[in-house]
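Heads up: the structure comes next, in structure tokens.
The values are calculated or read from the model by the stated rules, or taken from the named source; none is laboratory data. Keep in mind that what you see is a predicted model, and the values were worked out from it rather than measured. Cβ sites come from the backbone with ideal geometry, for glycine too, and all protein chains shown count toward neighbours. Just so you know, the surface numbers come from the protein's heavy atoms only, side chains and all, with ligands and any DNA or RNA stripped out. Shrake-Rupley method; radii C 1.70, N 1.55, O 1.52, S 1.80 Å.
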Amino acid sequence: MTRLSGITPSGHVHLGNHLGAVRRWAAEREPEDLFFVSDLHAMTAPHRPERLRSLTREVFAVLLGAGIEPDSVFVQSDLAYELGALNWVLECTCTYGEAARMIQFKEKGAGQESVRVGLLTYPVLMAADILMQGASEVPVGTDQDQHVELARTLARRFNSNYGEVFVVPRAVVPKTAARIRDLGDPSRKMAKSSQQSPGSVFVLDEPDAIRRKFRRAVTDGGDEVRYDPEAKPGVANLLEILAACGGTSPYAAADSVGSYAELKDTVAEAVVEELRPVRERARELLDDSAELDRVRAHGAKRAAERARPRLEAALRVSGLR
Ligand code: TYM
């Protein structure tokens, strides 16, 4: 089994990324695992080159700080040539309708005056990431489920049209924390783009900032602490976060606190302790550029070597070379 997943440096890594994805990536530590910073994916919306470069470095340090093996991490654009080639072949395996149907494309493209073509083809590049490495499992939150489904479809279609080259991957979505919500607006998922929003807690936030954000979190009417995502989405979100930090269920977490105020304090402290070691290790690494560069170069070499035979096979069977 090979697990593979990525995270886009379109902003700072937040608590939803951590609990729904990165923490789980770090938990198993299989030598075949691959996790990467998907900087190519951060170009689908207007971006500033210097900020992209510095966020890529930051997110890379956070992955290592979370405890992912240095052998298992790389930066996507270090494989830009390989991915660019497979991306084209897969774009020619995917229909326009399939790409246009993706929920994230519809959501992010809605109301925009001009949309980059990359926003439409973004899930195809994701499929290239996954299929090029022969990944069998893709651990993601619910928002990426549909994209992994597309990768499955493209793998099957390619294999049946041209020959068995790709492993058909499957998404692995966690039971809890698969969709952490914005603390200020529980109808939205927590997102990196809410840069100025007090509703996103970032992995590199200092403890006092984290406490402040939880104190301001939106709760619901009434005063009973109960896990009921339909009737009490704000409270349910806090309970899911508390449960994920403590390794329990949201129902058990609800039984452990008496009031909304106690819930907010308890969840804030749990998150501070959950993120403390990650923040400290990531900050140390960010101060050690030589080490970060060394790990990055090693990861790139390893991931490229692993990808090449499958990429060559895909080009050959589809009539190229
Ligand atoms: P990204 O950067 O949006 O998210 C990284 C991971 O975090 C999960 N996630 C969440 N989980 C719980 N609650 C939330 N509020 C929340 N927000 C995000 C995401 O589901 C994801 O697992 N396109 C991908 C990166 C990517 C990729 C890939 C993933 C590029 N290539 C290949 C898997 C395989 C993305 O932008 O994730």
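In terms of solvent-accessible area of protein heavy atoms at a 1.4 angstrom probe, what is the ranking of Trp88, Trp25, highest value first?
Sorted descending by solvent-accessible area, the residues read Trp88, Trp25.
Counting only protein heavy atoms and using a 1.4 Å probe, the accessible area of Met1 comes to about 120 Å². The modelled label-to-label distance for the pair Glu50/Ser193, using points 7 Å beyond Cα in the direction of Cβ, is 2.5 nm. Heavy-atom accessible area for Val173, with the other protein chains in place and a 1.4 Å probe, reaches approximately 50 Å². Per residue, the average separation of C-alpha pairs within less than 8 Å and at least 6 apart gives the chain a relative contact order of 23 percent.
Measuring between their Cα centroids, the range 38-60 and the range 137-195 lie 20 Å from each other. Largest accessible area first, the residues His18, His298 order themselves as His298, His18 under a 1.4 Å probe with ligands, DNA and RNA left out. Only helical runs count toward this figure. For the chain, summing -39,500 (n - 2.57) over DSSP H runs of n ≥ 4 and dividing by all residues gives -16500 deg cm²/dmol at 222 nm. Between Glu28 and Gln146, the simple label model (points 7 Å from Cα in the Cβ direction) yields a spacing of 2.6 nm. Maximal additional length on extending the Asp228-Asp185 stretch stands at 13.9 nm, based on 0.36 nm per residue less the C-alpha distance.
Across the range 121-234, C-alpha contacts under 8 Å between residues 6 or more apart give a mean separation that, scaled by the residue count, equals a relative contact order of 20 percent.
For Tyr96, Tyr122, what's the largest-to-smallest order of accessible area, 1.4 Å probe? Walk me through the intermediate numbers first.
Details: Tyr96 160, Tyr122 25 Å².
Largest to smallest exposure gives the sequence Tyr96, Tyr122.
The GluC sites (Glu not before Pro) of the range 129-226 meeting both criteria, a DSSP state outside H, G, I, E and B (loop) and at most 15 other C-beta atoms within 10 angstrom of the site's C-beta, are Glu164, Glu224.
The residues of the range 47-100 present an accessible area of 43 Å² per residue when probed at 1.4 Å with all protein chains retained. Taking only protein heavy atoms and a 1.4 Å probe, the accessible area of the range 207-283 is 48% carbon and sulfur.
Keeping all protein chains in position, work out how much accessible area Ile103 exposes to a 1.4 Å probe, and write it in Å² to the nearest 10. Using a 1.4 Å probe on the heavy atoms, I get roughly 90 Å².
Probing with 1.4 Å while keeping every protein chain in the model, the per residue accessible area of the range 205-285 equals 48 Å². Taking the Cα centre of the range 174-246 as reference, the dipole from Cβ charges on Lys and Arg (+1) and Asp and Glu (-1) amounts to some 240 debye. Which percent, to the nearest 5, of DSSP beta bridges fully inside the chain are antiparallel? Counting DSSP beta bridges with both partners in the chain, the antiparallel share is about 15 percent.
Rounded to whole Å, give me the distance from the Cα center of the range 64-130 to that of the range 217-268. Answer, in whole Å: 35.
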